[in-house]
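The values are calculated or read from the model by the stated rules, or taken from the named source; none is laboratory data. Bear in mind that the values here come from a model prediction, so they are computed numbers and not experimental data. Here the Cβ positions follow ideal geometry from the backbone for every residue, glycine too, while neighbour counts run over all protein chains shown. Protein only, heavy atoms only, side chains kept; ligands, DNA and RNA dropped before computing areas. Shrake-Rupley method; radii C 1.70, N 1.55, O 1.52, S 1.80 Å.
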Amino acid sequence: MNYVSTRCDSIKISASQAITKGISDEGGLFVPETIPSLSLNDIEKLSALDYVGRAKSVLSLFLTDFTKEEIDSCVEGAYATGSFSSKDVAPLVNLDDGINILELWRGPTCAFKDMALQILPRFMTVSAAKTAKGTKIIILVATSGDTGKAALEGFKDVENTGILVFYPNDGVSPMQKLQMCTQEGANVGVCAIEGNFDDAQNGVKNIFTSKQAAEKLAENNMAFSSANSINWGRLVPQIVYYISAYCDMFRSGKIALGDKVNFVVPTGNFGNILAAYYAKEMGVPVNKLICASNKNSVLTDFLTTGTYDRNRDFYTTISPSMDILISSNLERLLYSASSSEKVNEWMKSLKETGRYTVDADTFGYISSAFAAGFCDDDMTKATINKLFKEQNYLCDTHTAVGVKVYYDYREQTGDTTPTVIASTANPFKFSKAVLEAVQGDTGNLDEFAMVERLAEVTGKECPAPLANLRNKEVRFTSVCKKDIPSMEKVIFDMLGI
Ligand SMILES: *Cc1c(COP(=O)(O)O)cnc(C)c1O
């Protein structure tokens, strides 16, 4: 199978080239030329397998230039060596009230990003050996909090790679910051920027596509790649868990084979929900994909009007991993719904004016597949409280946005299709907001006192990787300005070039 760029579909490359490069030279994103399909019979067969078996099967449809042995070793290394705290890897928890929670945060950094970032470094090593032998791959990451840590943990001490993470100085939770700044490993770097996530992402994208920077790296036998969801290798492992969730709904008797489900996804950069869209395109019976946003509701507006407009206030919320106004992966959906000519036109307009409006056909296609909604911080907290009090289920702030948007959707539409809600982080990653939600004021407790209080009040346990941060040494404290030369200097200094 070949991969094409969303901005130039005459570029055709292999899966391993797409993974090694991360982003296309003209700024487009790589997408599969055709989406492989799954019949109900295939889905029934997948249902009999465990997560590892399902992953091997699905990934081999997309990574066609990987050998069976290579896929097996990537999948087993990522999901079968005990780095996930559930043997199901991504367990589906059936609650009352017709809600099924897909827990995607059982990995080592307690957010759903581990689902992809435990396997991406393995894909990268295999891909680089095929396409760029001997070149050291330098992973640049812009993070709204969770990708950074998950990528650091995935790439630490991986041979022939280096990784540098930029995060918004005032835009991540204390726990997220501590997770990154205490990162171990000889090939890692972390730097805060004086700006928000969009600034970090823009800077990283610009540096990626800068010819000069690429030449400088090439002289030193290095090349950039990406661990953000602009990299196809990040998205493809995410398709697996939607298929797996459907299999689990079937196996647990919640649905019959062929029945439709809704997927609700708390969304920022549109990567996670796009993976659900690809699962639907492959043949998983889906009624609606429900895109849930926080107060930064740019996607709700787009999905309900057809106009994307980033000219608006940026809000810092208690679901910081979704504080984003430029959702990169939407470009892949637009390509799927239209053509590379149109994508170019809209992306040019986005760059020049901050907005674009899609044509009626494209909008019709998108709005038949997606529903959308958003909720503010107060509603988020009220939802955490309700779910805990009524069902003894403690969820994090991002997941709560999904739950609230789903309740609203169900009330407005009367749609009672069985529904799976993606749970994207462990609640202890956002202890302050979650504690406020369940018990009101938290006073002046420090982060770890809050973690302890949250455990006491709820009877739930803080995952060891978070609890252990308390005793770890802080290794990274630098902050840089958000302009490109400042960010480049940080990168070149770290690489010693
Ligand atoms: C990254 C993240 C999101 C948003 O996912 P996208 O793929 O960027 O839409 C939601 N919740 C949490 C906890 C995250 O870390």
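Qualifying GluC sites (Glu not before Pro) in the range 442-497, where qualification requires a DSSP coil assignment and no more than 11 other C-beta atoms within 10 Å, comprise Glu461, Glu473.
Scan the chain and hand back the longest stretch that contains none of the trypsin sites (Lys or Arg not before Pro) lying in DSSP loops with at most 15 other Cβ atoms within 10 Å. In short, 313-471. Decide, for the range 256-362, between rounded, prolate and oblate: order the square roots of the alpha carbon gyration tensor eigenvalues as a ≥ b ≥ c, take rounded if a/c falls under 1.5, and otherwise choose prolate if a/b is larger than b/c, else oblate. In terms of gyration-tensor shape, oblate. Calculated translational diffusion coefficient of the range 364-497 (10 °C, 1.306 mPa s; Stokes-Einstein with Kirkwood radius over alpha-carbon pairs) equals 88 µm²/s. In this structure Glu341 has an accessible area near 130 Å², from a 1.4 Å probe over the protein heavy atoms. The C-alpha radius of gyration of the range 1-118, expressed as a fraction of 2.2 N^0.38 Å, stands at 1.23. Between Lys45 and Arg470, the simple label model (points 7 Å from Cα in the Cβ direction) yields a spacing of 5.1 nm.
Using the alpha carbons alone, the radius of gyration of the chain stands to its Kirkwood radius in an Rg to Rh ratio of 0.93.
Every Cα-Cα pair of the range 308-427 was included, and the share exceeding 23 Å stands at 45 percent.
When nucleic acids and ligands are ignored and a 1.4 Å probe is applied, Leu178 ends up with an accessible area of around 40 Å². Taking each of Lys288/Lys482; Lys87/Lys432; Lys87/Lys156; Lys130/Lys342 in turn, the alpha-carbon distance tops 27 angstrom for Lys288/Lys482; Lys87/Lys432; Lys130/Lys342.
With the cut-off at under 17 Å, measuring from each backbone N in the range 49-68 to a point 7 Å along the Cα-to-Cβ line of Asp88 picks out 49-55.
Under conditions of 25 °C and 0.890 mPa s, the range 136-175 yields 231 µm² s⁻¹ as its translational diffusion coefficient, taking Rh as the Kirkwood radius over Cα pairs in the Stokes-Einstein equation. Between the range 98-126 and the range 265-291, how many Å separate their Cα centres? Each part's Cα centre sits 16 Å from the other's. With a/c under 1.5 counting as rounded, go ahead and sort the range 119-217 into rounded, prolate or oblate using the C-alpha gyration tensor (a ≥ b ≥ c being the square roots of the eigenvalues; past the cut-off, prolate if a/b is larger than b/c, else oblate). Taking the square roots of the gyration eigenvalues as a ≥ b ≥ c, the range 119-217 is oblate. Looking at the range 81-169, the GluC sites (Glu not before Pro) that sit in a DSSP loop and have at most 14 other Cβ atoms within 10 Å of their own Cβ are Glu159. Partners of Lys254 within straight-line reach, counting aspartates and glutamates whose Cα lies under 15 Å from its Cα and excluding those fewer than 8 residues away in the same chain: Glu44, Asp96, Asp97. Report summary: the helix-based calculation at 222 nm, which adds -39500 (n - 2.57) for every DSSP H run with n ≥ 4 and divides by the residues of the chain, gives -14500 deg cm²/dmol. Charge tally for Asp199 (other residues, Cβ to Cβ under 14 Å; Lys, Arg +1; Asp, Glu -1): -1. Taking amide H as placed 1.01 Å from N in the peptide plane, the amide H of Ala371 sits under 5 Å from that of Leu289, Ile290, Cys291, each at least 5 places away or on another chain. Here r is the Cβ-Cβ distance between Ser478 and Thr417 and R0 is 51 Å; the resulting FRET efficiency, rounded to 0.05, is 0.55.
Counting protein heavy atoms only, the range 213-278 has 42 percent of its accessible area on carbon and sulfur, 1.4 angstrom probe. The equivalent ellipsoid of the range 171-223 has semi-axes of 26, 17, 6 Å, largest first, where each one is the square root of 5 times an eigenvalue of the Cα gyration tensor.
Normalising by residue count, the range 224-269 has a Cα convex hull of 85 Å³ per residue. Please work out the C-alpha center-to-center distance from the range 367-398 to the range 20-34 and express it in whole Å. The distance from the Cα centre of the range 367-398 to that of the range 20-34 comes to 34 Å. P(r) for the range 414-464: what percent of alpha-carbon pairs falls in each 10 Å bin, starting at zero? Values per bin, smallest distances first: 24, 44, 17, 13, 3.
In terms of Cα atoms, the Rg and Dmax of the range 237-310 work out to 13.6, 43 Å. Here Glu215 and Glu341 are evaluated by their C-beta separation; at R0 = 35 Å the FRET efficiency comes out at 0.70. Counting every pair of alpha carbons in the range 9-50, the share spaced more than 12 Å apart comes to 69 percent. With the alpha-carbon atoms of the range 161-293 aligned to their principal axes, the span from lowest to highest coordinate is 56, 35, 26 Å, starting with the largest. Computed over protein heavy atoms with a 1.4 Å probe, the accessible surface of the chain works out to 37 Å² per residue.
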